[in-house]
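Just so it is clear, none of the values below were taken in a lab; they were calculated from the coordinates. Please read all numbers here as calculations on a predicted model, not as lab measurements. Because the Cβ atoms are built from the backbone with ideal geometry, glycine has one as well, and the counts that use them run over all protein chains shown.
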């Protein structure tokens, strides 16, 4: 089974989708037999590094919504997250550029640990208030999933490393004609374009097994 997951690392729905995918695979006893291919999708590729603005202010500026609307959205996502074992703490989030984190996940993919590192980055950003554009933090997360810190450091220090792979992911996403994430493609034909639930992901995975 081939599974591709397009996502951005500051997208709470992507964290939910990635978690629901893992839970569904584990429930179906497929987790250890499938490698999830993490595909880069930068919601805001020109976003500057963190400048001190919190998530509410960032969302208000980006989407033209009120602070009340932003808080309401966060409360709904927080409840859904709790059901999946995610402790969203949006008040701690530090919105920032995700390019280096995506490049590092490409290195992790080459070692078969892209999902593990991406989940740890999600946890750092959404649960712990980590600044996921900070190289020292990223290297700490790399160590936590037992990847080579020196190789990871070399990736971070050269902004061209894995950049072509990121552009290729985003170009393919454009070809597939989607503009929101998460976006999951199973065996090139079954699509999940929603953070959904564990049950939804299980249904789609079972359909793949039956074809």
Practice prompt. Would you give the gap between the C-alpha center of segment 122-162 and the C-alpha center of segment 165-211, rounded to a whole Å?
Written response: 26
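For the chain, what is the percent of antiparallel DSSP beta bridges, rounded to the nearest 5?
Numbers: 7 of 12 bridges.
Once the DSSP bridges in the chain are tallied, antiparallel ones form about 60 percent.
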Discussion item. Compute the distance from the alpha-carbon center of segment 51-101 to that of segment 2-48, in whole Å.
Written reply: 18
Worksheet item: Among 15, 90, 178, which one shows the biggest mean-square fluctuation in a GNM of the chain, springs joining Cα atoms closer than 10 Å?
Response: 178
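Is the C-alpha gyration tensor of segment 46-128 telling us rounded, prolate or oblate? Criteria: a/c under 1.5 is rounded; beyond that, a/b larger than b/c is prolate, otherwise oblate.
Working: a/c = 2.75, a/b = 1.43, b/c = 1.93.
Oblate, since a/c reaches 1.5 and b/c is not below a/b.
For Cα pairs less than 8 Å apart in space and 6+ apart in sequence, what is the mean separation divided by the residue count of the chain, i.e. the relative contact order in percent?
Values: 316 pairs, mean separation 68.0, N = 211.
Here the relative contact order equals 32 percent.
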Worksheet entry | Pair residue 69, residue 171: separation of 7 Å Cα→Cβ label points (nm) | 3.6
Worksheet, complete the sentence: Under the helix-only model (-39500 (n - 2.57) for each DSSP H run of 4 or more, divided by the residues of the chain), the mean residue ellipticity at 222 nm, to 500 deg cm²/dmol, is -17000 deg cm²/dmol
Worksheet item: Could you give the nm distance between label points at residue 146 and residue 208, where each point is 7 Å from its Cα heading toward the beta carbon?
Response: 2.5
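I need the peptides 197-203, 112-118, 28-34 ranked by packing, meaning the mean over residues of other C-beta atoms within 10 angstrom, with the highest value on top.
Values: 197-203: 17.0, 112-118: 20.1, 28-34: 12.4.
Ranked from most to least packed, the peptides come out as 112-118, 197-203, 28-34.
With r as the distance between the Cβ atoms of residue 136 and residue 191 and R0 = 41 Å, compute the FRET efficiency 1/(1 + (r/R0)^6) and round to 0.05.
Values: r = 38 Å, r/R0 = 0.92.
With R0 = 41 Å, the Cβ-Cβ based efficiency is 0.60.
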